[in-house]
1. Note down all Cβ pairs under 9 Å where the first residue falls in region 127-140 and is under 24 Å from Gly151 (Cβ atoms), the second is among the hydroxyl-bearing types (Ser, Thr, Tyr) and not in a strand (DSSP E or B), and they're at least six residues apart or on different chains.
2. How about region 129-156: which of its residues are of a type in the set (A, V, I, L, M, F, W, C) and in contact with a helix residue (DSSP H, G or I) (Cβ under 9 Å, 6 or more places away or on another chain)?
3. Any chance you could count how many residues in region 172-198 are in contact (Cβ under 8 Å) with a residue 60 or more places away in the chain and out of contact with any Leu (no Cβ under 8 Å at 6 or more places or on another chain)?
4. Asp66 fails exactly one of the following numbered conditions: (1) within 60 Å of the chain's Cα centre (by Cα); (2) among the charged types (D, E, K, R); (3) at pLDDT 80 or above. What is the number of that condition?
Amino acid sequence: MSSTINQHLAQNQAASLFRLAVGLVTALAVTLSLFWLMQYLIETADRTLNEDGAGNLVDFVRVKRDEAIERRQLKPKKPPPPDKAPPQPPTPQLDNLNPNAEKIAISAVPVETDIEMTGGFSLGVGEGDYLPIVKVAPIYPNRALTRGIEGYCVVQYTVTRQGTTKDPVVIESQCTSSLFHSASVNAALKFKYKPRIMDGEAVEVPGVQNKFTYEITE
């Protein structure tokens, strides 16, 4: 019984060694085949590249073309010939000229330079009352405008000798709202007048009044 088991183990061991030897031989053959195949592929690939590179190369050379710009010279048109000048009138001829003819005597006009100024002569400025030249409209107060307040306001001031205004004062009894005071005074200060002339001199005129009316127009 033991001998049979030993024989069986020996047979299995021999079979394993045989299979191992066959596998090694087969692996070696496959490895050598792969190396040979790789070498063949490398050689054939190098040959293909060399053959492809051996072709003719065509060089493209871009030649710059001579471009001569031809400029057309436009000659100016010849102007039309001028019209013929009109003929000159004939020179008048004086017949029967007598150089010994009598000359006409012309007497000089008498001029008198004596001017009588006994009555006096005045260059002074004429007399006259003051007259308005520039009147500026007042600016409608914003508070009165938003509240819809209308009315009027009378301002009294003095017209100076230069034609300006000074010392403007609102007449309370003749002003419908205090909202119009400031706007009326500012407008009166911008007035311009022709001053009053008395005895050739400008004089101030106090107590001049102006009424400012405030109305909302739609």
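The values are calculated or read from the model by the stated rules, or taken from the named source; none is laboratory data. It should be emphasised that the depicted structure is a prediction, and the values quoted were computed from it without experimental measurement. Note: ideal-geometry Cβ built from the backbone for every residue, glycine included; neighbour counts use all protein chains shown.
1. Pro138/Ser184
2. If we filter region 129-156 for residues that are of a type in the set (A, V, I, L, M, F, W, C), which is where we start, we get 131, 133-134, 136-137, 139, 144-145, 149, 153-155.
Correct list: Val136, Ala137, Ile139, Ala144, Ile149, Cys153, Val154, Val155.
3. Taking region 172-198 first, the residues in contact (Cβ under 8 Å) with a residue 60 or more places away in the chain are 192-198.
Those still in the list that are out of contact with any Leu (no Cβ under 8 Å at 6 or more places or on another chain) too: 192, 195-198.
Selection size over region 172-198: 5.
4. (3)
Rundown of residues vs (1) part of a helix (DSSP H, G or I); (2) of a type outside the set (D, E, K, R); (3) loosely packed, with under 15 Cβ neighbours inside 10 Å, yes/no style:
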residue	(1), (2), (3)
Val154	no, yes, no
Tyr157	no, yes, no
Val169	no, yes, yes
Gln174	no, yes, yes
Ser184	yes, yes, no
